[in-house]
């Protein structure tokens with residue numbers, strides 16, 4: 001059941017849902033597959049990373065991009081939502097002490113939940129967006145780790161792209177990243193060059209979301225892997241993005 | 001509970017609801033009860049492994065989906081050793097979909113599967129997403145020959161899965177029946193395309209794809225109707241079935257059974273809901289045996 005669905009930054013919404021089973025079982029990096037409306041338009045479910053968990057509720061963060069997200073923004077408290085989850089494999093962070101999060105734009109979605117769970121570790125967070133109006137949870141992230149911000153228009157933090165700040169995290173033993181593909185490519189080469197373990201949270205067009213249809217394929221060393229089943233979190237060395 | 005059973009040749013199904021190839025698997029068991037269905041049909045298996053088409057492999061269209069998976073599968077030997085046991089453990093009838101790029105390849109796969117406990121084979125001669133094989137075999141001479149040669153190596157019920165992509169579907173169905181097919185299933189996905197106007201590229205890595213989902217239902221119904229008039233063997237209806245009402249349309253127009261595909265992506269429990277819906281329909285209309293409504297059209 002929808003608890004709240006609020007626009008927290010420009011066209012960016014935080015949707016909180018009461019679902020005991022998902023809230024109790026989800027780990028950072030996993031996603032849910034949401035049926036929006038109950039007609040054939042949109043037809044397929046839409047996948048969203050879990051952004052936050054608290055008690056018997058979980059939250060997703062989404063930006064209005066097309067018909068599905070536009071309709072999702074119309075849901076009100078008390079509405080029922082048809083949700084399958086938690087799905088996929090989350091971040092594997094247990095063995096690491098110096099962790100860096102690199103989040104570009106809406107790639108920030110899985111990291112609030114992850115950062116809250118990592119409170120005990122040494123955490124650096126690089127957060128980038130087009131403009132200050134699209135940065136979320138800046139205060140909260142600054143309390144969870146060492147936060148560095150970039151905006152493309154310079155409205156907050158350093159002017160530029162988050163991938164330009166990677167030298168700040170050279171000392172990490174694990175980098176986790178999510179964001180536009182060009183950003184992920186830069187992170188992947190950087191971490192490969194300095195031999196830093198790296199996990200990427202990928203997106204892919206999904207049909208079933210359950211590992212059955214083989215639709216969300218991503219190229220890997222030996223054939224294809226699937227974002228919904230083998231991911232969405234992958235070691236950067238195991239996928240070609 | 002009404003008697004929902006139906007016979008497809010020697011294959012007795014406890015109800016006419018099956019899940020279509022490429023849309024289901026043991027992974028669904030967490031979300032539904034596959035043992036309540038008439039059968040499930042596996043992803044298409046080929047002689048040798050296929051890695052499939054480059055992504056993106058799917059694209060949502062108006063009330064439909066384009067797919068260009070490209071028959072990715074581990075090959076029949078790995079399938080039999082590793083995947084088949086998971087299917088057989090599901091306590092439901094298992095039909096294996098097969099394809100090949102030569103007649104010999106199809107026959108070899110059929111021969112290997114004849115040594116297993118699978119309940120039937122569905123022969124995919126209509127996949128639009130592979131360069132060799134699939135649709136190439138979908139003409140009446142090839143279907144006749146292929147059906148005959150497969151029947152020679154296995155006694156399992158053989159279903160030939162067809163599509164209108166190459167035209168003459170009614171004639172091809174007759175050839176399948178003449179070749180000894182126990183049933184024909186139709187329709188497979190329709191040729192389709194979508195363009196990204198900004199990049200001017202196809203939305204699919206494999207360029208063209210197959211269209212499925214609610215938007216193709218009227219086309220599927222048309223062909224079930226036409227083929228049922230042309231052949232004496234059972235016709236299995238596939239195409240955009242998302243509800244009990246849809247399933248009934250196919251049964252009334254002559255389908256002995258139905259396959260649910262795309263609808264599984266939206267609701268993994270849809271098959272079970274349709275079985276329950278058919279049972280309610282029979283109760284409400286005082287029908288003892290569901291087969292009474294097969295081909296009961298009033299025109």
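Only the coordinates and a few stated rules stand behind these numbers; no lab work does. Note that this is a predicted model, so its numbers are computed, not measured. Using ideal geometry, Cβ is built from the backbone for each residue, glycine included, and neighbour counts are taken over all protein chains shown.
Some observations on this one:
- Averaged over the residues of B:20-30, the number of partner chain Cβ atoms lying within 10 Å of the residue Cβ comes to 3.
- Exercise: per-residue mean of other protein chain Cβ atoms within 10 Å, B:265-273: 4
- Rounded if a/c under 1.5, otherwise prolate or oblate - the range A:98-201, Cα gyration tensor axes: oblate
- Computed helical MRE - 222 nm, chain B, DSSP H runs ≥ 4 contributing -39500 (n - 2.57), nearest 500: -8000 deg cm²/dmol
- Cα gyration tensor, chain B - rounded (a/c under 1.5), prolate or oblate: rounded
- Relative contact order %, the range A:89-211, counting alpha carbon pairs below 8 Å whose residues are six or more apart: 27
- Packing, as the average of other Cβ atoms within 10 Å across residues, places the peptides A:170-178, B:28-36 in the order A:170-178, B:28-36, highest first.
- The range B:36-101: proportion of alpha-carbon pairs further apart than 19 angstrom, %: 45
- The angle between the Cα long axis of helix A:181-193 and the main principal axis of chain A comes to about 40°, on a 0 to 90 degree scale.
- Extension gain (nm, one decimal) between residue B:297 and residue B:36, 0.36 nm per residue minus Cα-Cα: 91.2 nm
- As an equivalent ellipsoid, the range B:179-242 spans semi-axes of 31, 12, 8 angstrom, where each value is the square root of five times an eigenvalue of the C-alpha gyration tensor, largest first.
- Debye log10 I(q)/I(0) at q = 0.13 Å⁻¹ for the protein assembly as shown, Cα point scatterers: -1.22
- Over chain B, Cα pairs under 8 Å with separation of 6+ residues give a relative contact order of 21 percent.
- Whole-angstrom gap from the range A:171-209 to the range A:57-84, using each part's C-alpha centre: 26
- Where both bridge residues fall in chain A, DSSP classifies roughly 55% of the beta bridges as antiparallel.
- Shape category assigned to the range B:210-299 from the gyration tensor of Cα positions, a/c cut at 1.5: oblate
- 10 Å-binned pair-distance histogram of the range A:2-87 (Cα, whole percent): 18, 56, 25, 1
- Counting only DSSP H runs of at least 4 residues, each contributing -39500 (n - 2.57), and dividing by the residue count of chain A, the helix-based mean residue ellipticity at 222 nm comes to -4500 deg cm²/dmol.
- The simple spin-label model puts a point 7 Å past each Cα toward its Cβ; for residue B:229 and residue B:139 those points are separated by 2.6 nm.
- Sorted peptide list for B:13-24, B:264-275, criterion being average Cβ within 10 angstrom, highest first: B:13-24, B:264-275
- Scoring A:235-241, B:226-232 by mean Cβ neighbours within 10 Å over their residues and listing the highest first yields B:226-232, A:235-241.
- Shielding by partners for peptide B:54-65, expressed as the average number of C-beta atoms from other protein chains within 10 Å of each residue's C-beta, is 6.
- The slack between residue A:131 and residue A:4, meaning 0.36 nm per residue of separation minus the straight C-alpha distance, is 43.2 nm.
- As computed over chain A, the Cα convex hull volume per residue (Å³): 117
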